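*Asks:* Got a structure for you, written out below as structure tokens; questions coming shortly.
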Amino acid sequence: MGRNTEILNQPTIMPEQMRVLEKLCNALAVSGNETEARRLVMDQIKPYVEEMRTDALGNLLAFQKKESRKTLRVMIAAHLDEVGFMLTSEEDREEGIYRFELVGGIDPRWLAGKPVQVGAEHAKGVIGCKAIHLTTAEERRNPFTVDGLRVDMGGGGKAKVGDWGTFATPFQKIGGSIRAKALDDRIGVATAIELLKYEYPDLDLLVAFTVQEEVGLRGAKVAAHALNPDLAIVLDCTPAYDLPLQIEDSFYPPENEKYNTRLGHGPAIYLSDRATISDPRLVAHFVQTAEKLGIPYQFRQAGGGGTDAGAIHLQRAGIPSISISVPGRYLHTPASLVRIADWENTLRLVYHSLQRLSADVLQTER
Amino acid sequence: MKDLLKTLVEIPAPSGYEGQVRKQIREWVEPLVDEVRLDPLGNLVAVRKQTGAPRIMLVAHMDEIGLMVTHVDQQGFARFVALGGVMPIHCVGGRVRFLNGVQGVIGMEKNPPSSEIPSLEKMFIDVGASSAEDCPIRIGDVAVFDQSFVDFGKRVVSKAMDDRVGVAVLIEALRRLEKSAFEMYFVFSVQEEVGVRGATVAAFGVEPDLGLAIDVTATGDTPKGHRMEVCLGKGPAIKIRDAGMLADPRLIQWMVQTAEKARIPYQREILEFGGTDARAIQLSRGGVPAGVISIPCRYVHAPSEMVDMEDVENAVKLLINLLRSAPRLDHAH
């Protein structure tokens, strides 16, 4: 197959793909209760898989073919869950005022004054705070704490203790970008759904839509143990902090050297984060694929953070792993933002890398 | 044995990038064992078979702490993060060497107040470039401290004593040992410094009946240092506990009795921080009895780590004696 055919048949982000991502982002699926997102995925992938099952923790495991004689078993992982909160006590039944705890990493400074939704019916509410009219200058200097905030459901009866909730920001396309909640990691989920629609010559694709990533990579751990793949590719969404810098007091030309990733620079290939050192053979394979096909890519800056790869690569006798992320601004806030072009290039890079992947990749020494 | 150690410590092999040192180790151990294999994460596993004998996993880690470049700026300076426990205080003014041979010096932003230790974020590597274009270093390149081996006679100094000295002890034991009571799995592990990751998967793969790690431990014998019993030159240390594990009491007893019987000097070690690959073995599958032979080492994780060659020699002797007769594991703790 020549390059032209390859390019002609490659996956593309069309209105259909956008609609799927919109549904996924608007779903309420906080760590520990991923049912809504999982059901959406099941509907989408049904025509493209021969088998799927939900494991004991709620991971959705999908197999393109039931039985295969192919050599390389490749696990794709994308997490279904998003950060959010759980109602922990009812302070005033009549008023519908609830205390809550955070689920996953949210900066409490993002909470005050935000519209939220709670429970299977997406009951609407708001995280209230004192209006500026009533606050003192000193109060305005103090940061909000979760203990001091309440979810106001606008009256009793629509929520109960133990319900999960999240921000109520609807999905919106703005210019060449998408603004939504939960792009981390519904955009990875949407990418994995697309990948299941294609065939790959030299491998079996095993896709895990994982649970409880945001509370410690818990779902991926058991999914990888069960699937026992030869290698794993994790699709996630990683923060970009690529905004212009304030000019510092120095003669040295200012430059943002700590951006993690940058929007518009293509898929972010992980090298090392707090939980995983990517397999250099897989890094080389993705880089070569990108360069050969002219797909833009960037390296995510090494440092903190972690993806499902952190749990996956340590399962059983070891699973060579890599993470590829769509860069996103303002993750874990009510409104994160990604470029559609970065999403499409991520999908294409992973697709083409899978097309070219065979057991040979693991024959060289790491 | 000094030559063996010198060759090992001078090879750069930061966590995740152990290929160069593994190649050298493989060359040495391949003729000494029945089987050598690499596992999916890059651990080197060398097996001396003995059907029916208890299976022991002996592990020393190949990796050393290092640095990874995160950004090269317009002027050709490289920002970096640590791979493993690199202490900022050891960096400023130091030299590093990349896997491709490029050398650099570590500089920092304007001097902080004297009471403050600058964080790694305030530092950069200068490889003598004048722009990003002529900088031979790219984001993702990895480096180690650039410090050569120094021979003080009885004591020796280098970067990466942690844990090439353990690797040297395993290789030397393999060379000298003829008969063993075990089926022996010599594991040269990867990624210890970033969280005992290599040993975690190696232990699952080997599925041993018991395990021993050979690694360095800190000492309490330097001016106003940590309060700690272990001294340089008083023999290998038998680990009782560290932050990551409580060594199996049956193995401690086995090690102590073996040392006393063979008149090998030893020390009892309580380390209040740190951990070793033995933790990963201990927690593998349904649980595995595990212990550690520690080599006392001053200035652990500094660019110049010091060990005493008598301790190293005695660690080899202790290990060989241990491998000649298996401990009783049928009684309760």
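*Asks:* Being within 14 Å of another protein chain (Cβ to nearest Cβ) and part of a helix (DSSP H, G or I) is the filter here, so list the residues in segment A:334-366 that pass it.
*Replies:* A:ALA359, A:VAL361, A:LEU362
*Asks:* Enumerate the strands (runs of 3 or more DSSP E) found wholly within segment B:29-74, keeping only those where 3 or more residues are within 19 Å of the chain's Cα centre (by Cα) and of a type outside the set (Gly, Ala, Ser).
*Replies:* B:55-61
*Asks:* Something else: Take the residues of segment B:106-141 that are of a type in the set (A, V, I, L, M, F, W, C) and under 27 Å from B:GLY195 (Cα atoms): which is surrounded by the most Cβ atoms within 10 Å (Cβ to Cβ)?
*Replies:* Ranking the qualifying residues of segment B:106-141, first place goes to B:ILE125.
*Asks:* Which of the residues spanning segment A:128-149 are closer than 15 Å to A:VAL103 by Cα and either modelled with pLDDT under 90 or not in a loop (DSSP other than H, G, I, E, B) (or both)?
*Replies:* A:VAL146, A:ASP147, listed by residue number.
*Asks:* A further question on this structure: Restricting attention to segment B:97-113, does a residue exist that is more than 28 Å from B:ASP277 (Cα to Cα) and of a type in the set (Asp, Glu)?
*Replies:* yes
*Asks:* Please find, among B:VAL45, B:VAL96, the residue that is more than 14 Å from chain A (Cβ to nearest Cβ), crowded, with 16+ Cβ neighbours inside 10 Å and more than 21 Å from B:VAL307 (Cβ to Cβ).
*Replies:* B:VAL96
*Asks:* Could you check, for segment A:171-189, whether at least one of its residues is assigned to a loop (DSSP other than H, G, I, E, B) and over 27 Å from A:PRO239 (Cβ atoms)?
*Replies:* Within segment A:171-189, not a single residue is assigned to a loop (DSSP other than H, G, I, E, B) and over 27 Å from A:PRO239 (Cβ atoms).
*Asks:* Could you grab me the full set of residues in segment A:223-238 that are more than 11 Å from every other protein chain (Cβ to nearest Cβ) and buried (at least 19 other Cβ atoms within 10 Å of the Cβ)?
*Replies:* A:ALA223, A:ALA224, A:LEU227, A:ILE233, A:VAL234, A:LEU235, A:ASP236, A:CYS237, A:THR238
*Asks:* Hey, A:LYS46 hits all of (1) assigned to a helix (DSSP H, G or I); (2) crowded, with 16+ Cβ neighbours inside 10 Å but one; which does it fall short on?
*Replies:* Checking A:LYS46 against (1) assigned to a helix (DSSP H, G or I); (2) crowded, with 16+ Cβ neighbours inside 10 Å, the one that fails is (2).
*Asks:* Within segment A:269-283, how many residues are away from chain B (no Cβ under 11 Å) and either surrounded by fewer than 23 Cβ atoms within 10 Å (Cβ to Cβ) or part of a loop (DSSP other than H, G, I, E, B) (or both)?
*Replies:* Number of matching residues: 0.
*Asks:* To continue, here is another question. Name the strands (runs of 3 or more DSSP E) wholly within segment B:103-189 that hold at least 2 residues that are of a type in the set (Gly, Ala, Ser)?
*Replies:* B:103-108
*Asks:* Here's a follow-up. Out of A:ARG109, A:ARG39, which single residue is basic (Lys, Arg) and not assigned by TED's automatic domain parsing to the domain that holds A:GLY125?
*Replies:* A:ARG39
*Asks:* Same structure again: Whether any residue in segment A:239-248 is within 14 Å of another protein chain (Cβ to nearest Cβ) and without any contact (Cβ under 8 Å) to a residue 24 or more places away in the chain is what I want to check.
*Replies:* yes
Okay, residues lined up against (1) within 26 Å of A:TRP110 (Cα to Cα); (2) surrounded by fewer than 16 Cβ atoms within 10 Å (Cβ to Cβ):
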residue: A:THR191; (1), (2): no, no
residue: A:LYS221; (1), (2): no, no
residue: A:ASN256; (1), (2): yes, yes
residue: A:ASN260; (1), (2): yes, no
residue: A:LEU263; (1), (2): yes, no
residue: A:PRO267; (1), (2): no, no
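*Asks:* A:ILE76 is checked against (1) in contact with an Asp or Glu (Cβ under 9 Å, 6 or more places away or on another chain); (2) surrounded by 22 or more Cβ atoms within 10 Å (Cβ to Cβ) and fails just one. What number does that condition carry?
*Replies:* (1)
*Asks:* Hey, another quick one. Any idea which of B:GLU269, B:GLU229 is touching a residue at least 24 places away in the same chain (Cβ under 8 Å), closer than 16 Å to B:ASP311 by Cα and in a strand (DSSP E or B)?
*Replies:* B:GLU269
The values are calculated or read from the model by the stated rules, or taken from the named source; none is laboratory data. Computed from a predicted structure; not experimentally measured. Reconstructed Cβ throughout: ideal geometry from the backbone, glycine too, with neighbour counts over all protein chains shown.
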